[in-house]
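The values are calculated or read from the model by the stated rules, or taken from the named source; none is laboratory data. A quick note: this is a predicted structure, and the numbers were derived from the prediction, not measured. Neighbour counts run over all protein chains shown; Cβ positions are idealised from the backbone, glycine included.
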Amino acid sequence: MKDLNQLLVDITRLTARIETQYPELYRFLEEAPITIPSDAQPHLDQPTMAAYLESLKELVRQYEKTHAEHNPTAADARHEKGGGAFAGIRLLLCENPLPPLEEAIEAARAELPRSNFYTEAYSAPLRRLLAERIGISEDHLHINAGSELILRQLFDRLGQQVHLLTPTYALFPEIAGRYTETRMRPENDFRMDLREVAVPEGTTLFVIVNPNNPNGATVDLAPLPDMLRAHPHTYFLVDEAFIGLAGRSVASWVPEYDNLIVTRTFSKAHSLAGFRIGYAVLPSSLAEAMNRQNDAYPLARPSEAAAIATLQHEDKIARRTEQLKAWTQDLARQMRKLGIRTFPTESYFFLADFAPANARTLAWELERQGFLVKALPDEGLGEGFMRITTSTPENNRRFLEALTRSHLPVEETA
Ligand SMILES: Cc1ncc(COP(=O)(O)O)c(C=O)c1O
């Protein structure tokens, strides 16, 4: 058994390690009522200190475990995606909290026993249906296992000198060869007027995300045709991952221009992220080159079937997105009542500024209470920024309760 002196040495060492290695955990220990009580002197006995050391060690173990799986502060696109094995409520990931449509699940299930057969090359039935829906010919389409894969391939080909409207999807700065940026500012509610954005000389790829991640607002693309004509040597990529929630798609414009690319996914409004289905609408020569260099059978049979079944029930998807957006607006309204600043969104996620609270410390504290949220890894913004994705009303209610418990240094307003 360790004596009291040895225990105090161990506690001091561990606390010093936490302070240097995990500053947010240290701040949490300072702020939360789980440090040695200030009236600790009378309890400075061996069993109390031994128990305290054990609980401190357990805290560090838990912290290291959860952060190895899904460090919510890491500026890395992987953390934009998987919540790992996190069992609590995930308001982190831009994932649709609603499950796939029943019709999609049934269609996928029906394909399982036929999975000894390949799909038709290039997912032909889905390709036909998508072309029909967008009103373009099939030779403009490239389908692949998720739009991230397509974006990576596009950046490999065209991303030598990228221009980004930031803050943006975490993947882009990571995969761009070099990039310049135009900042969207909180003072303007992250609104962007494309007419005021200069395309830097030598830009090979200009990226617009509509609606934008992480703030969820749409971008007015009325100036885009002029930009396409004025910069014929620059490709303009419009990432429409969230277009099922808001905004006007420009996918049908692609055949008119040699330098317009649109990417889309079934992961968001269509609730099929785990099936991995994405597509791009491209100038036909580029679509042909992308298809030629790709697996001719990019989707698994169940994924292709789930996508087709979901497209046949767009009316249900539209109703669900309205519901999700109402939940989002309600959650944001309740957070504003707690004195937290939120920014306009048309999607199912939004940005919130918890200043003067530190979003990383708060995210960690919420994680301990079973809620996974994302502190925004953007040095251009203050330390209070977090992206919040709606969950169901019941989960949102529990989240608001947890926020209220979380020592927020903000005033309750109305
Ligand atoms: C803006 C944006 N584009 C693309 C993707 C990639 O989606 P997926 O690879 O699931 O199609 C995401 C995922 O979060 C996203 O936020």
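Counting only residues that are in contact with a helix residue (DSSP H, G or I) (Cβ under 6 Å, 6 or more places away or on another chain) and more than 15 Å from the ligand (Cβ to nearest atom), which one in the stretch 72-85 is modelled with the lowest pLDDT? Applying the filter and picking the extreme gives Thr73. Take the residues of the stretch 356-393 that are within 24 Å of Phe242 (Cα to Cα) and among the charged types (D, E, K, R): which is surrounded by the fewest Cβ atoms within 10 Å (Cβ to Cβ)? Only one residue fits best here, namely Asp378. Could you list all residues from the stretch 259-318 that are more than 16 Å from the ligand (Cβ to nearest atom) and of a type in the set (Val, Ile, Thr)? Within the stretch 259-318, just Ile308 meets the criteria.
Checked against the criterion of being polar (S, T, N, Q), modelled with pLDDT of 95 or more and within 23 Å of Arg191 (Cα to Cα), the candidates Ser249, Ser271, Ser285 yield just one match: Ser249. If you go through the stretch 135-171 and keep only what is under 21 Å from His270 (Cα atoms), assigned to a helix (DSSP H, G or I) and either more than 13 Å from the ligand (Cβ to nearest atom) or polar (S, T, N, Q) (or both), you end up with just Ser147. Just to be sure before I move on: is Trp364 under 22 Å from Arg405 (Cβ atoms) and in contact with a Ser or Thr (Cβ under 6 Å, 6 or more places away or on another chain) in the structure I sent? Judged against the criteria, Trp364 is not a match. Taking the stretch 195-206 as the range and being assigned to a loop (DSSP other than H, G, I, E, B) and of a type outside the set (S, T, N, Q) as the test, the residues that pass are Val197, Ala198, Val199, Pro200, Glu201, Gly202.
Of all residues in the stretch 248-258, exactly one satisfies the criterion of being within 16 Å of the ligand (Cβ to nearest atom) and part of a helix (DSSP H, G or I), namely Ala251. For Leu311, indicate whether it is at pLDDT below 95, surrounded by fewer than 18 Cβ atoms within 10 Å (Cβ to Cβ), out of contact with any Phe, Trp or Tyr (no Cβ under 6 Å at 6 or more places or on another chain) and of a type in the set (A, V, I, L, M, F, W, C). No: the conditions fail for Leu311. Within this structure, Ser115 passes the test of being surrounded by fewer than 13 Cβ atoms within 10 Å (Cβ to Cβ) and modelled with pLDDT of 70 or more. Does the stretch 172-194 contain any residue that is loosely packed, with under 15 Cβ neighbours inside 10 Å, of a type in the set (S, T, N, Q) and either within 16 Å of the ligand (Cβ to nearest atom) or part of a helix (DSSP H, G or I) (or both)? Within the stretch 172-194, one or more residues are loosely packed, with under 15 Cβ neighbours inside 10 Å, of a type in the set (S, T, N, Q) and either within 16 Å of the ligand (Cβ to nearest atom) or part of a helix (DSSP H, G or I) (or both).
Answer yes or no as to whether Arg333 is surrounded by fewer than 23 Cβ atoms within 10 Å (Cβ to Cβ) and free of Cβ contacts under 8 Å to residues at least 60 places away in the same chain.
Numbers: surrounded by fewer than 23 Cβ atoms within 10 Å (Cβ to Cβ): yes; free of Cβ contacts under 8 Å to residues at least 60 places away in the same chain: yes.
In short, yes.
When the criteria are applied in full, Arg264 meets the requirement of being of a type in the set (Lys, Arg) and part of a strand (DSSP E or B).
Scanning the stretch 207-246 for residues that are away from the ligand (no atom under 15 Å from the Cβ) and not in a loop (DSSP other than H, G, I, E, B) gives Leu224, Pro225, Asp226, Met227, Leu228, Arg229, Ala230, Tyr235, Phe236.
Just so you know, in the stretch 19-49 the residues that are among the β-branched types (Val, Ile, Thr) and at pLDDT below 80 include one that is surrounded by the fewest Cβ atoms within 10 Å (Cβ to Cβ), and it is Thr20. Filtering the stretch 170-190 for residues that are outside the structural domain of Thr390 (by TED's automatic domain parsing), among the polar types (S, T, N, Q) and in contact (Cβ under 8 Å) with a residue 40 or more places away in the chain leaves an empty set. So is Tyr118 away from the ligand (no atom under 12 Å from the Cβ) and in a loop (DSSP other than H, G, I, E, B) or not? Against the criterion (away from the ligand (no atom under 12 Å from the Cβ) and in a loop (DSSP other than H, G, I, E, B)), Tyr118 qualifies.
Within the option set Arg157, Arg152, Arg127, being over 26 Å from the mean Cα position of the chain (by Cα) and not polar (S, T, N, Q) holds for one residue only, Arg127.
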